[in-house]
């Protein structure tokens, strides 16, 4: 499977802030992940990319340099939101923008906590991009996410590395924890308890050789195809099985899908394994509440799968 997009973004950003050269295998070829690499290059990070791996020469927390051009996140909201957290801690001003679609998306959810930490952020009308971020010395905060968002949580944690004390993020609904896992793997002091994440300031991140797990959000389309095509039998290798992402497999099993896992192991802090599935009749079900947030990337697949189930699939609380 292609590399997980969410994890690829995070590995690249943290590798740029680490000390030494990191090598990332199976980095996503998605355009969004290339946008993150291009923005890091404009901030002075040397990156060498081949079809097999990405090599990033990290410069430490204070090694980024002011870009002579605006950073262009293109269509990647992940790039814009997560890099905003890093830029909030830099001793220079940066403009980050995107394509027409991204410039229509509100950025208030990430602007508000970063302003509370001390960053100066100017935006277009309606808290939209382009964002002009003048970073500097940040203060630690305890921030309760008003809406579940792994990207906003990540932005606050990344900014927290530059703060003057312990930064905390409170979650009412669990979101994916790829940032926390990657930070811990690279040497940050980060504590996670139920609904609360704390990060200590000024970690000395260490370069690592990392392998991005196969993208479960991409795998589910092939899994769904196998479920509805008679006589199908499919095995997908080295798929990311992070508990914050694996709820979709639990839901498919509840519909009657014969999903089996094999060779499950921890690699670079992430759970991976092989996923086996074959054709079966599915009964249908409902996605709602916290489950909707946990499966937000898989909802298109479930919408496509619904007509092939006996009772249909109902999706609630996705606004």
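The values are calculated or read from the model by the stated rules, or taken from the named source; none is laboratory data. Model, not experiment: these values are computed from the prediction. Don't worry about glycine lacking a Cβ; one is built from the backbone with ideal geometry, like all the others, and counts go over all protein chains shown.
List of remarks:
- Lone qualifier among 226, 188 - being crowded, with 18+ Cβ neighbours inside 10 Å and outside the structural domain of residue 26 (by TED's automatic domain parsing): 226
- As a summary of the residue check, residue 286 satisfies the conditions (1) under 25 Å from the mean Cα position of the chain (by Cα); (2) over 24 Å from residue 181 (Cβ atoms); (3) in a strand (DSSP E or B) except for the one numbered (1).
- Annotation for segment 247-261: at least one member residue is surrounded by 13 or more Cβ atoms within 10 Å (Cβ to Cβ), under 21 Å from residue 151 (Cβ atoms) and either touching a helix residue (DSSP H, G or I) at 6+ places or on another chain (Cβ under 9 Å) or in contact (Cβ under 8 Å) with a residue 12 or more places away in the chain (or both).
- Checked against the criterion of being assigned to a helix (DSSP H, G or I) and under 30 Å from residue 170 (Cβ atoms), segment 198-217 has at least one qualifying residue.
- So residue 38, is it free of Cβ contacts under 8 Å to residues at least 60 places away in the same chain, over 18 Å from residue 18 (Cβ atoms) and touching a strand residue (DSSP E or B) at 6+ places or on another chain (Cβ under 8 Å): yes
- Residue-level analysis places residue 238 outside the set of residues that are outside any helix (DSSP H, G or I), buried (at least 16 other Cβ atoms within 10 Å of the Cβ) and at pLDDT below 95.
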